[in-house]
Amino acid sequence: MNGAEHVIRFLMGKGVDYCFGYPGGPVLVLYDAIHRLQFPHWRTRHEQGAVHAAEGYARVSGKPGVCIATSGPGATNLVTGIANAYLDSTPLLCITGAVNRRDIGRDAFQEADITGITDPITKYNYLVMEPNQLVPILEEAWELTTDGRPGPVLVNIPKDILALDIDKATPTRPFIPHRPKPQLSADVMSDIIAALETTRRPLLLVGGGVILSPGAPDELAGFLDNTHMPVTTTLMGKGALPSDHPDYLQHVGMHGTVQSNQALGNCDLLLAVGTRFSDRVVANPVRYSRGRTIIHVDIDSSEIGKNVPTNIEVEDDAGNFFRELNAAIVRRPDFAPDWNDWRNHLAGLSERYNRLVTPLYEPTTPLRTQYVVKHASRRVAGLNPICVTDVGQHQMFAAQHFDVESPRSFITSGGLGTMGFGLPAAIGAAKAAPDRPVIAIVGDGGIQMTIQELGTLQEFNLHVIILILDNQTLGMVRQWQELFFDEHYAASLMDNNPDFVKIAAAYGIRGSRVATPEEYDRAFDEALSDRRPYLMHIRVPKEDNVYPMIPAGQDPQDLIMPGFGE
Amino acid sequence: MLYVLSLLVENKAGVLSRVSNLFARRGFNIKSLAVGETNLPELSRITITVNVESWQMVQIRKQLYKMPDVLMVRQLKDGEHVARELVFIKVACNASRRGEVIQIADIFRAHIVDVATESLTIELSGNADKISALTALLVPYGILELVRTGTIAIERGLERMNIDELSRPREADEDEEEAWHEVPAISDPLP
């Protein structure tokens, strides 16, 4: 059995039932094994598409995503997607081919030092140099993708090792999780309970870690039942609780709601779970930390204290933390903190915010962006839809106005902000959840970065509904230029956009142009009439800026929301 | 503040570059770094000195601890460890001044490791101050070349970095909790 067959049999043994990739020289042997073993493999149109699709799959399924690329340019094309997965803590196993061992370091054809290149953006990476190490390395790499904080791991395998007959791959050592699990001490828990009992203005900040941790969303729901603590999520935390949860202030951060940002800015106790205090949430962390108690819970202890000074530090997995916190609260029958003034204050803000936003959901011609997003959400409500976004204004509109019903349903490029993420990630998401509608909300800019993946979408005939919100501009760039650069629209106008419906048609995908509410409904009727892909090219106004907005460097409570004053 | 960090790492290709890359990309400047095999050939010991704020030190320790190749991280406490550097100094020196230079070297308990007609090479081990002091005295003769290792350090007494302790959770040093500024009393921004 050659190395390539070992790789594929290893994946099969782990229950991997698909992978995304793109063939080339050094991985030809691997593709031969894929062919012989009839291993399900989806060839994308670009390696970037493969790695984003693997991430979309992983984010929806909760299992590690797998992608394969060849050496040199194949491997370097993965880089953006690996960095994306690293910042959003998505478990990925990336397998790349390398040139023959004897050619390594000689600038051979299609050679690139991909382990060196990806060192800063992987949890760990490997260059396999000993044939008998191949399987042990795969084993360790697989465990590492989900051990502790999930993330991408890359295994780079030289061509000759893939081709070499490896009789028996003897594991040299079993995989041991490299760090022991910390225990949450009773002292720390009683400190937390004491802090919760004395706080008058608490806020629970839920990050992506709560979605990643198995069981955490259920425990979170239990905690909210027990306490009704006001709760907000980061962009990555959206979906950890249903959008219509009564204690939920919607998402926080640069384009979060007024009530959530006011709560973040004015709380006297912040319980932050599974979040890393990105600068899009708290721009000035040291200033932010003053005058309030911050309890930070994260499975990755290096995130605690990295950005924001903390009062109580808990190195734990989110699900386990909420489980123990709920148990501690249940043991305290007298635990009945009174947060009603604060809750009423926030409810008042929510009401004022909703009064401003609701009129934007009315159908108009030309179509308002907020209406377009909200209406899409309404059209698939109750079907447990998955919303996948690209990056830019439409992403923020989707975060604000698209309602999700379960965890792992809002798939977006949070940390890296990768334009081009949306379409391939939607393909992976649809592969992971073939029975749920996948709404890919993308911009006219981002879709053109990976538009070739329409070919993949058509080939695998997935139920992805693509909404291209075409405002003929790179909207977020344009918004900043309008507000902070004297309306100098340098390189942000896209007035020669193609006819996306014709492009879809050329790929064999149905679609329609949408400019009125009636056309929008007709298009949705058609799109939902069967389970094939569908593309809508929707014209929206250039001038629809994303508000609320916290100007860069300002505190959460300083957000701008036109019309929100008395 | 200057800190001395001692790491026990796996002795394999690429580990040193992973460790030093971590410092570079997180924006922490390494002052000195020394690496070598230990008595167990599968392990290496890396000693790093770094000049950072105390909260940055906490962050560095946590980041290092996360790396699969790093088995132990320890911040060595002042006064509880012995630290040394090694230096070779090649001094311009002919026969007429050789005696003077050897006398200076003797005061520092340095060794002469090479003599030539126009030069003399001195080996000295010691802490940074001692090396600076000798260097300053030799400047007037003309220093032709100076080669210096990074600091290596070891704890005093029975304290040691023992791989039997690997199953213990990460050590939280006492300074970790006070690393951040005092948080002032809570003000009430509720309108």
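Of the strands (runs of 3 or more DSSP E) lying entirely inside the stretch B:75-188, those carrying at least 3 residues that are small (G, A, S) and either modelled with pLDDT under 90 or surrounded by 13 or more Cβ atoms within 10 Å (Cβ to Cβ) (or both) are B:119-126. Can you find a residue that is in contact (Cβ under 8 Å) with a residue 12 or more places away in the chain, in the same structural domain as A:Y507 (by TED's automatic domain parsing), part of a loop (DSSP other than H, G, I, E, B) and crowded, with 24+ Cβ neighbours inside 10 Å anywhere in the stretch A:419-433? Scanning the stretch A:419-433, I find at least one residue that is in contact (Cβ under 8 Å) with a residue 12 or more places away in the chain, in the same structural domain as A:Y507 (by TED's automatic domain parsing), part of a loop (DSSP other than H, G, I, E, B) and crowded, with 24+ Cβ neighbours inside 10 Å, so the answer is yes. When the stretch A:5-59 is examined, which residues are found to be of a type in the set (V, I, T) and closer than 26 Å to A:Y507 by Cα? Hits for the stretch A:5-59 are A:T44, A:V51. In the stretch A:156-171, is there at least one residue being of a type in the set (K, R), at pLDDT below 95, over 33 Å from the mean Cα position of the chain (by Cα) and part of a loop (DSSP other than H, G, I, E, B)? Yes, some residue in the stretch A:156-171 is of a type in the set (K, R), at pLDDT below 95, over 33 Å from the mean Cα position of the chain (by Cα) and part of a loop (DSSP other than H, G, I, E, B). Beta carbons closer than 8 Å, at least 6 apart along the sequence or on distinct chains, pair a first residue in the stretch B:18-37 that is at the interface with chain A (Cβ under 9 Å from one of its Cβ atoms) and farther than 22 Å from B:L86 by Cα with a second that is surrounded by fewer than 18 Cβ atoms within 10 Å (Cβ to Cβ) and not charged (D, E, K, R) for B:N21/A:P120; B:R25/A:P120.
Among the conditions (1) under 27 Å from A:S529 (Cα atoms); (2) buried (at least 19 other Cβ atoms within 10 Å of the Cβ), A:R478 misses just one, which is (1). The test for being within 14 Å of another protein chain (Cβ to nearest Cβ) and more than 24 Å from the chain's Cα centre (by Cα) holds for A:R287.
Just one of the numbered conditions (1) in contact with an Asp or Glu (Cβ under 6 Å, 6 or more places away or on another chain); (2) touching a residue at least 24 places away in the same chain (Cβ under 8 Å) is not true of A:L224: (2). Scanning the stretch A:27-36 turns up no residue that is under 27 Å from the mean Cα position of the chain (by Cα) and of a type in the set (S, T, Y).
Whether any residue in the stretch A:202-223 is within 14 Å of another protein chain (Cβ to nearest Cβ) and modelled with pLDDT of 95 or more is what I want to check. There is at least one residue in the stretch A:202-223 that is within 14 Å of another protein chain (Cβ to nearest Cβ) and modelled with pLDDT of 95 or more. Total residues in the stretch A:121-149 satisfying the condition of being within 11 Å of chain B (Cβ to nearest Cβ) and over 16 Å from A:L164 (Cβ atoms): the figure is 13.
Could you say whether any residue in the stretch A:441-451 is within 21 Å of A:H245 (Cβ to Cβ) and in contact with a helix residue (DSSP H, G or I) (Cβ under 9 Å, 6 or more places away or on another chain)? No, that holds for no residue.
Condition check ((1) of a type in the set (G, A, S); (2) touching a residue at least 60 places away in the same chain (Cβ under 8 Å)) across all residues:
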| site | (1), (2) |
| --- | --- |
| A:P73 | no, no |
| A:A98 | yes, yes |
| A:T115 | no, no |
| A:D119 | no, no |
| A:P131 | no, yes |
| A:A141 | yes, no |
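When the stretch B:64-73 is filtered for residues that are part of a strand (DSSP E or B) and either more than 21 Å from the chain's Cα centre (by Cα) or buried (at least 20 other Cβ atoms within 10 Å of the Cβ) (or both), the ones remaining, listed by number, are B:V70, B:M72, B:V73.
The values are calculated or read from the model by the stated rules, or taken from the named source; none is laboratory data. Small disclaimer: the values here were computed from a predicted structure and weren't measured. Cβ sites come from the backbone with ideal geometry, for glycine too, and all protein chains shown count toward neighbours.
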